[in-house]
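Where a number appears in this text, it was derived from the coordinates with a stated rule and is not lab data. Bear in mind that the values here come from a model prediction, so they are computed numbers and not experimental data. Virtual Cβ from ideal backbone geometry, glycine too; neighbours counted across all protein chains shown.
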Amino acid sequence: MRGYLDTLKVIVLIAFRNLFASWLKTLIVGGIILFGSMLVVVGTALVDSVDASMSRSIIGSVAGHIQVYNAKSADELVVMGGFQLDAADLAQIDDFKGMREALLTVPNVKAVVPMGLSGAMVPSGNIVDVVLEKLRNLIRRQQAGEDVSAAIESQKEHVRQIVGVLATDMANVGKLLTDKAVSPEELAAIRRASDPGFWSEFDKDPLATLEFLENRIAPLASDADMLFLRYMGTDLAAFAQAFDRMKIVDGTTVPPGKRGFLFSKWVYEEQVKLKTAHRLDQIRDAILKRGKTIAGDLDLQRWVKQNATEVKEIMLQLDRQQTAMFRGKLQKELASHEDDVSKLLAEFFRVDDGNIMERYKFFYDELAPSLTLYRVRVGDTLTIKAFTRSGYVQSVNVRVYGTFAFEGLEDSPMAGVLNLMDLVSFRELYGFSTPEREREIQALKAVAGFKDIDRDSAEAELFGARPAEAAQPEKAATATSDADAILRGLGGRGKRVKLEDETYDPAQLGQGVVLNAAVIVKNPRLIRQTMKDIEAAGTKSGFTLRAIDWQKASGLVGQFVTMIRAVLYISVLIIFAVALVIINNALVMATLERIAEFGTLRAVGAQRRFLLGMLVVETLAVGALFGGIGSALGVGVVAIMRFVGLPASGDTLYFLFSGPRLHPGLSPINVAIALTIVLLVSGASSLYPGFLAMRVSPRQAMQSDE
Amino acid sequence: MTHIVSVQQVFKNYTLGTFVVPALRGVSLDVEEGEFLAIAGPSGSGKTTLLNLIGCVDTPTSGVVHIAGNATETMSERQLTRLRLHTIGFIFQSFNLVSVLSVFQNIELPLLLQRSASAKERRARVEALLDRVGIREYSTHRPSELSGGQRQRVAIARALVTRPQLVLADEPTANLDSVTGTNILDLMKELNRTEKTTFIFSTHDARVWSYASSVVRLADGQLVDRVSAEEAVRVGGVGNLPSARAT
């Protein structure tokens with residue numbers, strides 16, 4: 001044993017002396033290995049950290065660890081990453097209660113949250129509609145004998161102001177384009193509404209004039225009155241418990257047993273907020289959080305320009321009194337004598353890096369309190385109309401209880417694009433039957449005389465002689481009135497608009513139909529096995545379930561890290577392939593230069609494996625030394641990154657980093673991977689030169705000069 | 001006396017493209033233990049080829065080579081290597097030292113390959129040889145820091161460190177000036193006498209024949225004759241050798 005160690009010692013000695021003797025070659029080869037190993041350490045640490053943070057984002061926001069859906073579905077389930085309104089075509093799971101019970105028999109399953117995804121365009125009404133609605137209510141109150149004339153006058157002023165803004169807007173369009181760009185009907189409508197005679201007419205017949213305003217004027221103020229909402233129907237209490245990063249930002253959560261809607265804070269800001277205010281927020285955030293400047297960023301410049309040119313949405317909100325107030329405040333703030341408030345607003349919003357913070361504060365302190373910042377407010381009722389699976393339009397009214405966000409992902413569109421809705425309303429929108437709906441349909445069937453008949457007796461039932469029943473027309477009439485009564489009793493369509501105030505039995509959430517379900521597991525390392533167990537448990541209980549992990553459930557988003565990892569590994573592969581070729585060539589050259597040495601060693605009694613050992617040790621020594629230095633540098637780089645934090649410069653990175661900055665972690669595995677790769681490559685690259693060395697004959701010693 | 005080397009009817013051909021070049025043609029030679037044998041002949045006569053065969057670094061095309069009682073034609077590559085390590089020492093014309101090792105390490109190398117001697121034993125043997133060849137003070141030097149004669153002394157010490165039965169030297173003085181060459185031969189001769197080690201060296205230099213116990217003369221791959229050193233010196237240079245074909 002001692003003899004072997006001594007031999008190894010001389011091999012190592014020769015190897016190291018040779019490395020020093022040809023230091024330039026050693027440095028070149030070592031430099032490549034150093035860079036490669038550093039890249040592996042930093043790259044794998046970053047990818048692992050992104051993987052971990054992204055998985056936290058995905059698992060913690062919507063997907064859970066595992067998603068379960070009906071294996072007979074036409075499409076594959078994707079719960080994240082989609083901004084389109086249409087959801088995947090999934091077959092329903094009829095008995096959520098049974099499925100949940102089956103899933104909970106799997107030891108690693110902690111919670112099962114029912115889900116369903118869909119999307120709809122939701123009308124939110126524009127500002128003119130809102131003002132006209134107020135006016136109509138006041139007129140009604142006046143007609144009922146209430147004294148609201150002052151309030152009516154104020155609202156009338158506001159409407160006249162709006163008409164004025166629209167007239168100016170139309171005139172500007174005419175100037176910028178051609179007169180033909182303005183429709184003659186619209187022009188006539190504006191002219192009529194601007195005419196003082198029109199308002200005398202209003203006093204005589206307010207409701208008829210209001211109708212004209214609603215039908216002809218309101219559509220001219222098309223300030224993005226549709227909301228495009230993707231929503232998830234779920235058991236909101238179970239959801240909040242399973243996804244503990246969810247927090248309520250505004251308002252409250254939906255009370256148990258109530259129908260309700262929670263806006264994602266991101267959607268609420270992006271779609272519902274006054275656009276000017278939202279753009280102002282975005283500019284400020286970009287400056288404060290991402291270190292951008294207006295002067296140096298095209299996006300920020302675009303937002304400034306849009307704010308300066310699109311003051312109409314603010315102007316439409318202002319009545320005469322508010323207009324005067326805005327004029328006074330803006331003149332003072334801008335030290336201007338301009339009377340036109342729209343021009344003052346345009347100037348106010350033309351911000352730069354020097355005044356943005358001051359203007360931002362002024363806007364929220366002085367102007368915003370007089371404005372409706374959000375088109376839909378907490379407490380409002382949303383009428384959501386969506387196409388059911390069978391193709392007809394279904395609508396439900398749901399009250400907006402508040403907004404929510406996932407902690408750490410507040411600014412991420414990927415995590416923020418989904419809104420939440422109670423599962424009962426979702427089922428109704430999606431076309432699934434609810435107990436109320438079932439009762440309604442049964443009642444309708446009863447009064448209409450529906451009955452189920454089999455195919456064989458259909459002809460006889462439909463066309464056969466049924467004198468007794470045919471001769472009872474008066475009974476049908478009675479049935480119709482009965483139907484009215486029954487439907488009135490049930491509530492019917494007229495009453496369903498108030499469903500948002502009704503309660504349902506929370507037990508409904510645990511039963512009935514769902515499209516998919518999120519599974520939270522106890523031990524995330526056992527996801528793969530748990531997926532198999534879930535499918536097996538489903539089969540055992542008569543469900544055909546497909547279980548997919550969070551990565552697959554998140555679609556392209558989930559594949560992102562896999563893609564980054566692939567790119568990293570391909571880069572590493574290329575670098576080390578190059579390294580292998582270079583090391584190999586350098587060693588081949590060195591071997592050819594050392595033919596006499598190898599021949600001598602063979603002649604004096606060195607076995608072939610001694611020569612192979614010498615070369616392998618040489619390259620492994622270079623690999624270990626420079627790979628070690630490279631890995632140490634990599635560890636240093638990762639430590640600096642961890643200390644400083646890599647900023648998320650965009651929405652996607654924000655999601656991938658699970659927050660504004662990534663503080664990458666490092667595991668010994670990252671270093672172990674780097675060193676293993678380096679040693680494997682070094683060892684592999686010494687094999688061919690070693691083979692050449694082994695072929696050197698001891699006769700070469702006799703033939704060569706030193 | 002025992003034959004340390006027995007070469008019987010050895011032929012060795014080299015192939016150069018389509019040509020077969022005979023290097024040795026039916027050479028037979030027996031060497032007794034303790035001999036100090038010179039193989040003489042002009043360039044291309046087959047001296048080195050014969051040394052290669054005796055040194056087991058090459059194999060004959062036909063014929064038999066026995067070294068220390070081992071029939072080399074039946075031995076594997078590994079066995080031949082082991083035979084070289086334990087039985088034969090080599091001294092090369094160009095010294096062939098490992099440039100990155102010190103003098104001491106170069107001499108110690110065959111002992112390390114043998115893996116039989118302890119560190120203490122190795123040190124003792126190497127130091128004794130350093131003293132014997134007169135380069136003790138250079139033990140930590142690298143070969144590049146030594147003169148030609150000093151390098152050849154290192155090579156001699158390396159060849160003798162395993163206490164081989166046979167030392168082969170290929171033109172050991174060819175790269176040395178005459179004084180140094182003479183000193184080296186004196187040293188080899190002394191070691192031959194004191195260590196009872198058999199030396200076989202090739203040379204085409206008639207001046208060194210006088211050191212040999214006998215001289216084997218080769219011409220055109222054939223053994224011309226085997227004469228005493230005095231006879232060889234008397235006959236003169238290799239140009240005066242009788243025709244090989246005439247014998």
Worksheet item: By how many nm would the segment from A:Q559 to A:L646 lengthen if fully extended, with 0.36 nm per residue of separation less the alpha-carbon distance?
Response: 29.2 nm
Discussion item. Pairs of alpha-carbon atoms within less than 8 angstrom and 6+ residues apart define the contacts here; what relative contact order does chain B have, in percent?
Written reply: 27
Worksheet item: Using Cα atoms only, what is the angle between the long axis of helix A:320-334 and the major principal axis of chain A, expressed in degrees (0 to 90) to the nearest 10?
Response: 40
Item to complete: In nm, give the distance between the simple-model label positions of A:Q529 and A:T372, each being 7 Å from the Cα along the Cα-to-Cβ direction.
Response: 5.8
Worksheet entry | Electrostatic dipole magnitude of chain A [Cβ: Lys, Arg +1; Asp, Glu -1; Cα centre; debye, to 20] | 2760
Worksheet, complete the sentence: Computed over chain A: longest principal axis from alpha-carbon atoms vs helix A:184-194 long axis, angle to nearest 10 degrees, is 60
Worksheet item: Rounded to the nearest 0.05, what FRET efficiency is calculated for A:R245 and A:D94 with R0 set to 35 Å and r the Cβ-Cβ distance?
Response: 0.65
Discussion item. Can you give me the orientation-averaged projected area of the convex hull built on the Cα atoms of segment A:127-220, in nm²?
Written reply: 5.8
Fill in: Label point distance in nm, A:E101-B:H3, each placed 7 Å from Cα along Cα→Cβ
10.0
Practice prompt. Identify which of B:P143, B:P22, B:P60 has the largest mean-square fluctuation in a Gaussian network model of chain B, with springs joining Cα atoms closer than 10 Å.
Written response: B:P22
Discussion item. From the mean inverse distance of alpha carbon pairs (Kirkwood) and the Cα radius of gyration, derive Rg over Rh for segment A:359-454.
Written reply: 1.19
Practice prompt. Output the antiparallel fraction of DSSP beta bridges having both residues in the protein assembly as shown, as a percent to the nearest 5.
Written response: 70
Worksheet item: Roughly speaking, what is the stretch gain from A:R290 to A:R216, that is 0.36 nm per residue apart minus the C-alpha to C-alpha distance, in nm to one decimal?
Response: 22.1 nm
Response to the item:
Taking Rh as the Kirkwood radius computed over alpha-carbon pairs of segment A:41-154 and applying Stokes-Einstein at 25 °C with viscosity 0.890 mPa s, one gets a diffusion coefficient in µm² s⁻¹ of 124
Response to the item:
So for segment B:127-247, using the alpha carbon gyration tensor with a ≥ b ≥ c as root eigenvalues (a/c under 1.5 gives rounded; past that, a/b versus b/c decides prolate or oblate), I'd call it prolate
Worksheet item: log₁₀ I(q)/I(0) of segment A:286-339 at q = 0.18 Å⁻¹, via Debye over equal Cα point scatterers, no solvent, to two decimals?
Response: -0.79
Fill in: At q = 0.05, 0.06, 0.10 Å⁻¹, base-10 log of I(q)/I(0) for the protein assembly as shown (Debye sum, equal scatterers on each alpha carbon)
-0.59, -0.69, -1.17
Item to complete: In debye, nearest 20, what is the charge dipole magnitude of segment B:3-240 about its Cα centre with +1 on Lys and Arg Cβ and -1 on Asp and Glu Cβ, if you could check?
Response: 600
Item to complete: For chain A, find the longest principal axis of its Cα atoms and tell me its angle to the long axis of helix A:668-685, 0 to 90°, nearest 10.
Response: 50
Worksheet item: If contacts are Cα pairs under 8 angstrom and at least 6 residues apart, what is the relative contact order of segment A:127-220 in percent?
Response: 32
Response to the item:
Kirkwood-based Rg/Rh on the Cα set of segment A:369-424 evaluates to 1.05
Practice prompt. Treat the count of other C-beta atoms within 10 Å as a stand-in for reagent exposure and order B:S94, A:S264, A:S22, A:S425 from fewest to most.
Written response: A:S22, B:S94, A:S425, A:S264
Fill in: Antiparallel %, DSSP beta bridges [both residues in segment B:3-240], to 5
55
Worksheet, complete the sentence: Share of Cα-Cα pairs in segment A:3-56 beyond 17 Å, whole percent, is 62
Worksheet item: Over chain A, what is the mean sequence separation of C-alpha contacts under 8 Å (at least six apart), divided by residue count, expressed as relative contact order in percent?
Response: 29
Worksheet item: How big is segment A:259-367 on each of its three principal axes, counting only the C-alpha atoms and giving the largest first in Å?
Response: 44, 43, 21
Worksheet item: Roughly what % of Cα-Cα distances in segment B:3-240 sit above 30 Å, to the whole percent?
Response: 24
